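The values are calculated or read from the model by the stated rules, or taken from the named source; none is laboratory data. Just so we're clear, the structure is a prediction, and the values are computed from it rather than from any experiment. Ideal geometry is used to build each Cβ from the backbone, glycine not excepted, and the neighbour counts take in all protein chains shown. Heavy atoms of the whole protein, side chains included, go into the accessibility calculation; ligands, DNA and RNA do not. Shrake-Rupley method; radii C 1.70, N 1.55, O 1.52, S 1.80 Å.
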Amino acid sequence: MALSCVFAFLLVAVFAVSIGTAFRGSDKFKSKQFTFECPMEYGVFANPANCRRFYTCNGNIAYDTPCPSPLYFDDAKKLCVYKSKDLQCGPVPVTTPVPTTPDPNAALSCHPSCKLPDCFCSEDGTLIPGNLLPRETPQMIILTFSGALNVLNGEPFGYLLNETRLNPNGCPMRATFFVPHEYTSYYYVQKLYGQGHEMSVQSITNREPEEFWSQASTEDWVEEVIGQKEIMHKFANVSREDILGMRAPFLKPGGNKMLEVIYDYGLDYDSSLAVPYSEVPLWPYTLDYSIPHKCLPGNCPTRSFPGIWEFPLNTYTSDDETGGSCVFMDQCVFPDDPEQIYNFLVYNFLRHYTTNKAPFVLNFHVNWVTDDAKVSALDVFIDYVLENYPDVWFVTMQQAIQWMRSPMPSEMVKSFEAWKCPRTRTPGCNIPRTCRVKLHDGSRTELRYLQLCGKCPERYPWLHNIRGTKEAKRVKDLVQKSTV
């Protein structure tokens, strides 16, 4: 994974603790009693006196955060990076967002007519489906991994997600993967799918710049998202009926255009919206009504998309600021110490378990499993909760939706049909085939490698040629919109 992904600090909230003076530089600066004023209510901003530190603003409260050694904060990129001649050390001018025109077709606020199984909302997003009390509610933990599965990271999942780790009903724990196309081995996609894990969509290209995604057209989203769904079906033998969710690349949602594609092409859910920190975490909700939180990433959907679920990304943090704050675990800054990472996981788990039992969604990039300290911390954490909390269940996002549509108390969940052991799926191959195929992308032609279990395509599957044939066709010419 690129360094920028590992050390990116999203515009998210941090733990609401009282701090007196925001500046925590060296001794020669402490005497000045410098107080940082947030240029915007939320965001990350350069420390004007120390290029190795930056401020995270949450509700106009500034939290001083260090970059990991030997990195420096680049205020233009909003990242901790290695020192170079292009480093933007110190503040850059803050651009005031241009006020947007109110959407005349905007969704209304949550209304009592919203009823399960098709609709779920609450004014602040914290209420439990079915009006259950926290003590009656099973604690769901959802492990999600975003990024390309390949030989660099595919094998450790067999260790972390092994068949001996069982939920209270005796069925193996399962995870959800958000899969892009580029650099993905469909051998590993098929292998993990065959073991019962959920495969969801990211995009075909994961293209940069990141701002592309917030400006992408409806046709762009169709080609990227529905195209990737078709690629996983064709080259990893994943059933179309099992690919029901998506996550926007770089967590840059595409607003109403992205949701139109989800709605029109029969997906069930999205998980792209980062939310500010709150002491009581948010539950997933349907997009029948307006979102119950501040739109941190910008370009959130404003219109009604009945029945489509949103899994918001609750912010992780800690009581002592270890790790900073993030909505992807690997974007927090941890020392190379599995115990501190483990403590961070437990602290955030308990924030869910001891309040409203909102699903504890653990968001990782796939390369989390290539770091020994992080693998060890997650490994011990999984054992800890399975051994000490009998009402904890490791489920996929699809399984979580099935419970939320028909909520039942913890004491009855062992017989819940949707959480029983998954049906047998077609296993992948033992020895994958590596195809050498050409990518034709406009005037560009490149040789690419594609690992899978089936037959090699004639060309590298890509935008406008998802089947990898000589006669390329667009998604809209191959896939019909949902009629449901």
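Mind checking whether some residue in segment 462-470 is among the hydrophobic types (A, V, I, L, M, F, W, C), closer than 23 Å to S185 by Cβ, surrounded by fewer than 16 Cβ atoms within 10 Å (Cβ to Cβ) and modelled with pLDDT of 95 or more? Within segment 462-470, none of the residues are among the hydrophobic types (A, V, I, L, M, F, W, C), closer than 23 Å to S185 by Cβ, surrounded by fewer than 16 Cβ atoms within 10 Å (Cβ to Cβ) and modelled with pLDDT of 95 or more. If you scan segment 257-282, which residues turn out to be in a helix (DSSP H, G or I) and open to solvent by 40 Å² or more (accessible area, probe 1.4 Å)? Listed by number, the residues that qualify are K257, E260, Y263, D264.
Mind checking which residues of segment 66-85 are at pLDDT 80 or above and crowded, with 20+ Cβ neighbours inside 10 Å? Residues satisfying the conditions are C67, Y72, F73, D74, D75. Picking from residues in segment 348-384 that are closer than 22 Å to T164 by Cα and open to solvent by 40 Å² or more (accessible area, probe 1.4 Å), the one that is nearest to the chain's Cα centre (by Cα) is T370.
Selection of segment 385-415 for residues being surrounded by 15 or more Cβ atoms within 10 Å (Cβ to Cβ) and free of Cβ contacts under 8 Å to residues at least 40 places away in the same chain yields only Q402.
Within segment 182-230, which residues are open to solvent by less than 20 Å² (accessible area, probe 1.4 Å), part of a loop (DSSP other than H, G, I, E, B) and farther than 26 Å from F394 by Cα? Selection gives I204, T205, A216. For segment 132-144, the condition holds for no residue, the condition being that it is farther than 30 Å from Y353 by Cα, open to solvent by 40 Å² or more (accessible area, probe 1.4 Å) and over 27 Å from the mean Cα position of the chain (by Cα). Give segment 428-461 a look and list any residue that's in contact with a strand residue (DSSP E or B) (Cβ under 8 Å, 6 or more places away or on another chain), among the hydroxyl-bearing types (S, T, Y) and surrounded by fewer than 19 Cβ atoms within 10 Å (Cβ to Cβ), or say none. Residues satisfying the conditions are T434, T445, Y449. With respect to the conditions (1) open to solvent by 20 Å² or more (accessible area, probe 1.4 Å); (2) part of a loop (DSSP other than H, G, I, E, B); (3) in contact with a Phe, Trp or Tyr (Cβ under 8 Å, 6 or more places away or on another chain), F250 lacks only one, and its number is (2).
Among residues of segment 463-484 that are under 19 Å from F235 (Cβ atoms), those with a beta-carbon under 7 Å from a residue that is open to solvent by 100 Å² or more (accessible area, probe 1.4 Å) and part of a helix (DSSP H, G or I) at least six positions away or on a different chain give the pairs R467/K234.
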